[in-house]
Each structure stands twice: as C-alpha cells, then as structure tokens.
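Trainee: Take this structure first; my questions come after.
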C-alpha cells in the first residue's frame, strides 16, 4: 500500500533519527577530512549543529508543523558550527520555511522543500564550490523534482532520491581534484547523506536508538563577576523564546526592546522570522513575560536569581572568584567576566577566537575585549558568537574568527544582530588576527580601521606545524601516519620526520627578500628550553629578519607562525 503523506509526528521522528544517525557516524565523517591533520571536524560540527535543533524539537509538546519548523530552523541556526554546520543550518532553514504551513507533506511538498533548501544554502555562501555538500544538496533537489513528476508514492520517491544522492556524492572527487588526490568523498556531503538516510530509517519504521538526543539538563551560561551582591542592580537573569503568531516586525522588535530597557538591562532580543530569543536582567521577570505573551507563546523559559547564585559562588569558590576579579583588567574569557552594563559604550570593541593560554594572553594584551575559546579543534557556534557580542559593550564590534571554518558562523551571527554594528574580518589564522589588531587605530573610523586591518591581513603569510593522522597523498606529497607536516595558507608545503626540520623547511618557503618579521608561537607540547634553542637557530638562519617568539600554548600544533 502506497504512503502518500508525512504528518508532523512522522517528520519529527525522521528529523530526530537523522540527527541520531549523523551523531553515530561523526567520527567516520571526520576521517574524510582532506588534510590528514588531527582536527578533522566536519562530522563533529554537523552533529553539534543538528543536535542543537534536536534539543529544541524534543522540548516540544504536541507540536504542529509550524512549531516543528520553528524549532528545527532556530535551533540549527544558533547551534551552527563550522562551514559545514552553517550550510546544514541553512539547508534546514530553507526546508522548514517551505513546509511550515502544511499539515502533511506529500512528494510535491518535499520536492519544493528540497529546492528551497538548496537555494537558501547557496545564497548563504559567498563563493559556492562544487564537489561539496552544496553539490549533494543540489542533486537531492534535482532528483526530488524529477521523481515528483513520476510518482506520488513516498515509498518510491524517498529511496530514489537517496540513491541519487549517493551517486552524486561518489562523483565529488571528480569535481574537486583535492578530494581525488586524497582518495575521499566530500565529508560535508557524506554528513548530509547520513542525515537523510537516518530519516529514511524512521520512515520505514526501523528501530532507532534516540539516547544521544535525549533531553539533558540545561547548562547555566550566565556568569557573575566578584562584585558585592548589593551592586547587582537587577537580580533575575530571565531568558525565554517567543514563538510569535506571525513574523516579528522591526517596529515590534524596537518597541519590545524599548520596554525591556525600561525594566532591566543586559538585553538581547534576536528575531528570526517568528522566533524571538530574549535575555534580560530585571527585578520583575513577570513584567517581561507578560509583555512577551502579547506576541505569542513562550518556550524554554529560565529565570535565575543572580544574587543568590553570587552568594553561593563567593562561598563555594573563592579561588575562582579571585581569578575572575583579576581578569577584570583584561579581556574576557569565553564565559564572560560580568562587565557592568551601566558603563558607557565605547566606540569599537573586539572579539577574537583563540585557543591556548599564551595566545589568549596575547590577544588580551592587544586590547581584545572577549576571547571565545575554540578554533581549529572546536569551532564555536553562532550562539557562542551572539553571546560574545552581547558581552562586548561597544557600538561596533569587530570579530576575528582566526580560522577559515569559523567565518561563516561569524557572518551568520552578524546577520542576527541589530543593536550593534558588527564587522567580521575574514582572518583565517591566528597570525592574521594578531596583525589585524596591531593595525587598529583608536582615533580612526570603523571604515578606516576595517581597510587598514584588511590590508595588514593581506601582508601575512601563515604556517602551522602538526602531525599526520593517516597515510595519504595530497599536494603532490606522499604522507605517512605520524609524519610532521608544515601547512601554509594554500596547502601542505613541507613534510618530514622532525618538528624543527619541517618548521625550517616551511619557513624557507614563506620567507623571501621582502620579509621583515617572523612571528613564532610554540604550542603546549613544546618545551620552553627546546623552543628557545630553536628560536635562536632561526635568528641565525635569517639575520636580516626580526624574529618575535611567544608561548602560544595551543594544542595539536607544535608551532604556529606568521611571516610579514
């Protein structure tokens, strides 16, 4: 007997099963990373992205299609990590926008949703590249449109679309030479395939283990500085999501923010169509909630007594309190340092993504206001970016992603912020980020600073030295597991068995007659005495070039270096 429609209950099961499947396969997807570095993260990023949406879905009670669409779209948008995660969130956003008004979905509805998913994702990427997750999404949309003309039976439609997606994925190495050379298919495309295959299992009625997406206790994210309890002007941290009956207009958002400002501070009001995320510190949470109810239903409500929490913090954790107090003079760590919201806004602030005690300290010393812990080994989410933006008390906030896989998430956060000007500098490495901040001119305008920092970034050649996690052939180099690799901006430049010899080989390809400065940041696995001896050797090799060396403390990478 033919199955012609999918109702909201079945679609929710299919979505959760898709999330469960990519969670189970994430390590396999990570291993498809083209470069054999120990931080392949496509599977992890896609899993964390869709799991953020799964958390929203599991919190729903008896949802209709519109509720389900909101939860999937909003959860994945804010939970998006890395380029693959951001693209997945855009695919889900487009898909859910197409089906949100339906009570049930037939093949025509699925075909339309697949097309909108593809179009939304392509628009989100400045320079779409074929042979990637986008290509697989496009293949899915094309086959769905074709099958919608041939059958109205989902039992014929779905397997045909999945089979075609597998065929497209197998062809990705023919579209991207780097995939063919490495002998792998595109990892993002594989991740998307795992999502739809998991969804199909649920459609077929197969038993699915949903334990990985079972609801967990929420994590407290609000941190307080070591100020006296009496200094806390507004005592309740109040958070909730409004599920509006219709799209939240700009005028409504302005009015609501104005009202929140009259009853509290530390306000975040981020609207995504008809889903509005709200955060406010107030002495009367009921007032915020009552006004919010005039716009729609409320979800994920959380109210914390900050004075009570602060007293417990003082009693239970004096050492952390002292450390927090000492950090007030520097930039914030990723959880924030509780800067008082009644301080006047400064014109320009900075957020930098960094990892490693030494690198964090360098960014702080250069005046960065907020450090997001993350980077190559754990890409921060769009939500992490939004939280950081909220903590920086400035009219304009410059974001330094310092990793090519974080730029999209930063831009996605930028699009969700309206009360501050956000400038995402496309820094792809830590040396680029450091150079950008050094080129900042306090008395110049935002535009002048953006241009000056971009010019500084263009003058930086970056390098990273790490080890290989598998055998492969890439960039015309034969690489074996445990080999040491020197990676430049455009690919692998040096391969050897010694960290220091490989680093010297890498530098020899970055330094030229115009080079004036070599910056070296040694990682947590390099002993200080070994680093100092090696740095002296580098100074001897390049006597006409200044060598600036620092402890970076970064994991995985023995050395991170920049040449200007």
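Trainee: Taking the Cα centroid of the stretch 406-425 and of the stretch 462-526, what is the distance between the two, rounded to the nearest whole Å?
Mentor: Value for the Cα centre distance between the two parts: 32 Å.
Trainee: Could you list log10 I(q)/I(0) for the chain at q = 0.07 Å⁻¹, which the Debye formula gives when each Cα is one point scatterer?
Mentor: Taking Cα atoms of the chain as identical point scatterers yields -0.45.
Trainee: For Cα pairs less than 8 Å apart in space and 6+ apart in sequence, what is the mean separation divided by the residue count of the stretch 327-459, i.e. the relative contact order in percent?
Mentor: 23
Trainee: Extension gain residue 204-residue 516, at 0.36 nm per residue separation less the Cα-Cα distance, in nm?
Mentor: Gain on extension, residue 204 to residue 516, equals 106.0 nm.
Trainee: Taking R0 as 22 Å, what FRET efficiency do you get between residue 28 and residue 473 from their Cβ-Cβ distance, rounded to the nearest 0.05?
Mentor: For R0 = 22 Å, the calculated efficiency reads 0.60.
Trainee: Now, a different point. If you take the square roots of the eigenvalues of the alpha-carbon gyration tensor of the stretch 461-563 and sort them as a ≥ b ≥ c, do you get rounded (a/c under 1.5), prolate (a/b over b/c) or oblate?
Mentor: oblate
Trainee: Working only with C-alpha atoms, what are the Rg and Dmax values of the stretch 435-514, expressed in angstrom?
Mentor: 17.0, 51
Trainee: Restricting to the chain, what percent of DSSP beta bridges are antiparallel, rounded to 5?
Mentor: For the chain, the DSSP antiparallel bridge percentage is about 70.
Trainee: How large is the helix-only mean residue ellipticity at 222 nm for the chain, computed as the sum of -39500 (n - 2.57) over DSSP H runs with n ≥ 4, divided by its residue count, in deg cm²/dmol to the nearest 500?
Mentor: Rounded to the nearest 500, the figure is -15500 deg cm²/dmol.
Trainee: Hey, with R₀ at 35 Å, roughly what FRET efficiency would residue 541 and residue 180 work out to, going by the Cβ-Cβ distance, to 0.05?
Mentor: So the FRET efficiency works out to roughly 0.45.
Trainee: Out of all DSSP beta bridges in the stretch 461-563, what portion is antiparallel? Express it as a percent rounded to 5.
Mentor: 80
Trainee: On to the next question. In whole Å, how far is the Cα centre of the stretch 1-59 from that of the stretch 104-163?
Mentor: So the separation of the two Cα centres works out to 17 Å.
Trainee: By per-residue mean of other Cβ atoms within 10 Å, what is the highest-first order of 115-128, 358-371?
Mentor: Sorting 115-128, 358-371 by mean packing, highest first, produces 358-371, 115-128.
Trainee: When the chain is fully extended, how far beyond the present Cα-Cα distance does residue 61 get from residue 445, taking 0.36 nm per residue of separation?
Mentor: Length gained, residue 61 through residue 445: 133.3 nm.
Trainee: Can you pull the percent of Cα pairs in the stretch 347-492 with separation above 20 Å?
Mentor: Considering the stretch 347-492, 49 percent of its Cα-Cα pairs are separated by more than 20 Å.
Trainee: Using r as the Cβ-Cβ distance of residue 261 and residue 97, and R0 as 51 Å, what FRET efficiency do you calculate, to the nearest 0.05?
Mentor: So, using R0 = 51 Å, E works out to roughly 0.95.
Each reported figure results from applying straightforward, stated rules to the coordinates on display, with no laboratory input. None of the values given here were measured: they were computed from a predicted structure. Because the Cβ atoms are built from the backbone with ideal geometry, glycine has one as well, and the counts that use them run over all protein chains shown.
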